[in-house]
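The block underneath contains the structure these notes are about, expressed in structure tokens.
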Amino acid sequence: MQDIDDEMKKPLLKHLVEITAHREHSRLAVSVISALYQLTNVQAIRMLEIFTMRDEHYVQEKMVIRDGSVHTIDDHTSEDLKEPLASFPAMMACIRNHLNEYLETADDGAHVLWLPVWLHGKMNSCVEIRSDRPFEQQMMDVIHGIFHVYCNYQSLLDYSERDALTGLFNRKTFDEQFTRYAFAIAPVESHALDKDDRRHEGDIVDEPKGHWLAVVDIDHFKQVNDRYGHLYGDEVLILMANILRASFRSHDRIFRFGGEEFVILLRATTLTDARKIFDRFRQNVQEYDFPQVGKVTVSLGFVGISRETPVVILGHADQALYHAKKSGRNRICFYEELVDSGVLTSGITTNDTVEFF
């Protein structure tokens, strides 16, 4: 840090300490862009995430800081805001030439620095920094230093949070994050309207949005391993993870629980749409031709996320999954509907396939 003023060294070290104190990706990213914003006095900084859906690449704004305020994707979970990757020529240039940075002058005269985040040889996100004046060398030194710390630390977090085979979040990450997640998204407790939201008879009432947890199990997966071997079984799991990523939005969360079991957290959508989304995933799997193995199906049980404990919520989804398995497999079942119809009784009665906290 010999080229950095003594006046800046103290706040820089303070920010570095704060950055490395985080154990979760989103909080780490907020800490990093906040540090860059405060230390460089630029106009705005955005964290953009790249994801693939139906073989097309899209970009979604994960978070932005401007005018001193940080806004994250959680501020607009009801919308699936995304743009084609082709709409970002600078990011395309970084991918095409495997660049570590790209500097340009925008049409409005702003100086824009693009810093791609490479993970496992692929660019999975990018930091965009906009300034109303050229980037001086000292400013670039600060930006590069913080950004490299961020990339290195993110790799460490990614290694501990992800399943080694599929790249999805692992069970440990679910255990650590779900309680915070469930309370942060302010779940819809019921579909009943309170006294302030009642409508007169005949009025059209919009279906409320809620948040949903699903447990997914690959049907007859043991037969796949027994008949074709574990290498082909592993390939099925990898391809299943790809179908899961393609079937859900970037701000939904997908976990591998181990074996052939996955968990999905679906955010901010109606029950009607949740059914459609989960069933679309089921159909995507059913229609996929797995190499050597051929056709594979999944069963899925889901439940509305409430203020119940993770054990209860996960247990209810597992009961719905067990009913889907018992009823012929390759289907989805909704826990509350099974309870209302008398098929299930309220409470936790788990099968042997899910191991709880």
In whole Hz, the Karplus estimates of ³J(HN,Hα) for the stretch 234-251 (6.51, -1.76, 1.60; θ = phi - 60°; x where Gly or Pro) are 4, 5, 4, 5, 5, 5, 4, 4, 5, 5, 4, 4, 6, 8, 10, 6, 5, 9
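One quarter of the convex hull surface, Cα atoms only: what value does that give for the stretch 209-349 in nm²?
Values: hull surface 33.1 nm².
Across all orientations, the stretch 209-349 yields a mean hull projection of 8.3 nm².
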Accessible surface, 1.4 Å probe, highest first, among residues GLU24, GLU101, GLU136: GLU136, GLU101, GLU24
Accessible area of LEU12 in the full protein assembly, 1.4 Å probe (Å², nearest 10): 10 Å²
Could you compute how much accessible surface ASP279 exposes when probed at 1.4 Å, giving the result in Å² to the nearest 10? 40 Å²
Less than 22 Å apart at the alpha-carbon level, and either on another chain or at least 8 residues along: which lysines does that give for LYS276? LYS82, LYS209, LYS295, LYS325, LYS326
Over the alpha-carbon set of the stretch 66-175, work out the extent along each principal axis and list the three values in angstrom, largest first. 47, 33, 31
Among all the lysines, which ones have a C-alpha under 26 Å from LYS14's C-alpha, if same-chain residues fewer than 8 places away are not counted? LYS62
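The values are calculated or read from the model by the stated rules, or taken from the named source; none is laboratory data. This is a predicted model, so every value here is computed, not measured. The accessibility values were calculated without ligands, DNA or RNA, using every heavy atom of the protein model including side chains. Shrake-Rupley method; radii C 1.70, N 1.55, O 1.52, S 1.80 Å.
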